[in-house]
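Okay, so here's the structure we're looking at.
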Amino acid sequence: MNFLKRYGSFLAVGAIAGFVNGLLGAGGGIIVTFFLAKKLNKDGNTMFANAVATMLPISVLSFALYLANGYFSFDEGFLTLLVPAILGGLLGAFLLTKLKFRFLKIAFSLLVIVSGFMMIVR
């Protein structure tokens, strides 16, 4: 019982993030990031890095299921996005250690707001 009391919220948020990511293809990382910001008293770099590390296996599993069900193709659009996305991820991870947490919080918040708006109007 002590385990559930201590980690129950982590288990619940993890399940919700996985569900959202699997269902929508994105969004689980936002849930994890907000949860970690509230629950853990860590610096911003640690919070964002833990959110990425949490979402990687969820994304890989979701991808495998989408692929197995025929919802994915390795066309030129995917290949054209893949290399720049990898390079952008490397640049983002590098900048995470250089930028102030306040800037990262504002940038992340704006991204969430703009993404939500784009999903509504599209």
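The values are calculated or read from the model by the stated rules, or taken from the named source; none is laboratory data. Bear in mind the structure is a predicted one, so any value in this text is a computation, not a measurement. Methodologically, a virtual Cβ is constructed for each residue, glycine included, from the backbone with ideal geometry; neighbour enumeration extends over all protein chains shown.
For region 81-116, name all the residues that are β-branched (Val, Ile, Thr) and either modelled with pLDDT of 85 or more or under 15 Å from Thr33 (Cα atoms) (or both). Scanning region 81-116 gives Val83, Ile86, Ile106, Val112, Ile113, Val114.
Figure legend. Inter-residue proximity from region 13-31: first residues of a type outside the set (D, E, K, R) and surrounded by fewer than 19 Cβ atoms within 10 Å (Cβ to Cβ), second residues at pLDDT below 85 and in a loop (DSSP other than H, G, I, E, B), beta-carbon distance below 8 Å, spacing 6+ or different chains. Indicated pairs: Val20/Gly27. Quickly run through region 13-36 and pick out the residues that are among the small types (Gly, Ala, Ser) and assigned to a helix (DSSP H, G or I). Matches in region 13-36: Gly14, Ala15, Ala17, Gly18, Gly22, Gly28, Gly29.
A count restricted to region 7-45 and to residues that are among the small types (Gly, Ala, Ser) and farther than 22 Å from Lys105 by Cα stands at 7.
All of (1) in a loop (DSSP other than H, G, I, E, B); (2) under 26 Å from Phe10 (Cβ atoms) hold for Ser115 with one exception: (1). For region 37-60, a residue qualifies if it is touching a helix residue (DSSP H, G or I) at 6+ places or on another chain (Cβ under 7 Å) and either assigned to a loop (DSSP other than H, G, I, E, B) or acidic (Asp, Glu) (or both), and the qualifying residues are Leu40, Asp43. Confirm whether Thr97 is among the hydroxyl-bearing types (Ser, Thr, Tyr) and more than 19 Å from the chain's Cα centre (by Cα). Taking the combined requirement at face value, the residue does not satisfy it.
Mind checking whether some residue in region 49-67 is more than 30 Å from Tyr7 (Cβ to Cβ) and of a type outside the set (Lys, Arg)? Give the steps one after another, and end with the answer.
From region 49-67, those more than 30 Å from Tyr7 (Cβ to Cβ) are 67; that's our starting set.
Checking the rest, the ones that are also of a type outside the set (Lys, Arg) come to 67.
Taking every residue of region 49-67 in turn, at least one turns out to be more than 30 Å from Tyr7 (Cβ to Cβ) and of a type outside the set (Lys, Arg).
Selection of first residues in region 70-89 that are assigned to a loop (DSSP other than H, G, I, E, B) and of second residues that are hydroxyl-bearing (Ser, Thr, Tyr), restricted to Cβ pairs under 8 Å at least 6 apart or on distinct chains, gives the following pairs, ordered by first then second residue: Phe72/Tyr66. Candidates are the residues of region 48-79 that are polar (S, T, N, Q) and at pLDDT below 85; the one that is surrounded by the most Cβ atoms within 10 Å (Cβ to Cβ) is Thr54.
Going by the conditions given, is Leu99 of a type in the set (A, V, I, L, M) and assigned to a helix (DSSP H, G or I)? Walk me through how you get there before you give the answer.
Numbers: of a type in the set (A, V, I, L, M): yes; assigned to a helix (DSSP H, G or I): no.
So Leu99 fails the test.
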